[in-house]
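Comments concern the structure below.
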Amino acid sequence: MYSADTLRIDELPAEERAVYATLKLDRLPEHVAIIMDGNGRWAGHRSLKRFLGHQQGANSVQLVTETAARIGIPWLTLYAFSLENNLRRPRAEVNFLMRLLKTYLENNLQRMLDNNIRMKYIGRTHELPAEVQEKMCWAEQATARNTGTTLTLALNYGGRSELVDAFRSLAAEMKVKHLRPEEISEEDIHRHLYTADMPDPDLLIRTSGEMRLSNYLLWQIAYTEIFVTERLWPDFRGIHLLEAIADFQRRDRRYGGLGEGCGEVEEDPDRIKIVAS
Ligand code: FPP
């Protein structure tokens, strides 16, 4: 966790500071994941080309990331480009998204450094165009020593393909170490995921109102709280992240157990007669 002197609350805009002041600081999520959706609709509502929605969406990425960094969220993981986007969108849109990513990294590196943000990526990034990979590497290396928020961009990412990759590498390890299937644990699977060094997300935000997981972090979100907002991603700002965190803090997380205040079972359950229905 962050120490108070690394936080930069005074840099939050006044309206964000007001929401921040309502939060329980000992219950901030450690890891927030976001499905950024609605760029196309945002553009469509304004009779603009979809590209302009993506461009505006890149602006939201930076603003939301900076709010997360200022309040000390250790991990922020954004779904920036799925395997399905890569396979199913028109080539012109995919090419634009690749160019946008490159420009985004070039233009925002200094802001990442100023905000102590470390950049990482998950997904089959080796399949992206070489010049995009070079720029990604450049930004990752330049921010590697930063100690604040880790911003992970999921690029050419799919939850099922992540599991396939994890099982392939686990199978290879089993062969070398002569392990038997019954020796495999959940921890072994976790070690082979792209997210092996991260905690699971506490909070998953999805913009634009769709009630879908869209193949995002399927293993990792087993006990994640989900927050869906109608707001389209290009309109999403730091204040909306803070509001989602406030909502998250009102939830009673149970992990399959009993919630707070439900700890005591008053009667001896063995004495309760089960009535067949
Ligand atoms: C969904 O909008 C969004 C994406 C395809 C991925 C997110 C991309 C960005 C926020 C832009 C750039 C990001 C970076 C990191 C530079 P959609 O096109 O599916 O919207 P729609 O459902 O309204 O059509």
Longest site-free stretch - the chain; sites: chymotrypsin sites (Phe, Trp or Tyr not before Pro), DSSP loop, at most 13 other Cβ within 10 Å: 1-222
Nitroxide proxy distance, nm - points 7 Å out along Cα→Cβ at Ala18 and Ala92: 4.4
Gaussian network model of the chain, springs between alpha carbon atoms under 10 Å - residue of Ser169, Ser82, Ser208 with greatest fluctuation: Ser169
Coil-residue trypsin sites (Lys or Arg not before Pro) of the stretch 75-149, DSSP, other Cβ within 10 Å capped at 13: Arg145
Span-rule helices in the chain, defined as complete DSSP H runs reaching 30 Å or more along the axis (Cα) with Kyte mean at least -0.5: 50-71, 91-114
At R0 = 30 Å, FRET efficiency that the Cβ-Cβ distance of Gln133 and Ile184 yields, to 0.05: 0.40
Cα convex hull volume per residue for the chain (Å³): 203
Sequence-distant lysines (8 or more away, or on other chains) whose Cα lies within less than 17 Å of Lys120: Lys102, Lys135
Listed residues Leu52, Leu258, Leu193, most fluctuating in the chain (Gaussian network, C-alpha, under 10 Å): Leu258
Inter-site label distance for Arg191 and Val275 at 7 Å from Cα along Cβ, in nm: 5.2
Whole-angstrom gap from the stretch 9-30 to the stretch 138-209, using each part's C-alpha centre: 29
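Laboratory data are not the source of any read-out in this text; all were calculated from the coordinates shown. Keep in mind that this is a model prediction, so the values were computed, not measured. So basically every Cβ, Gly included, is an ideal-geometry build from the backbone, and we count neighbours across all protein chains shown.
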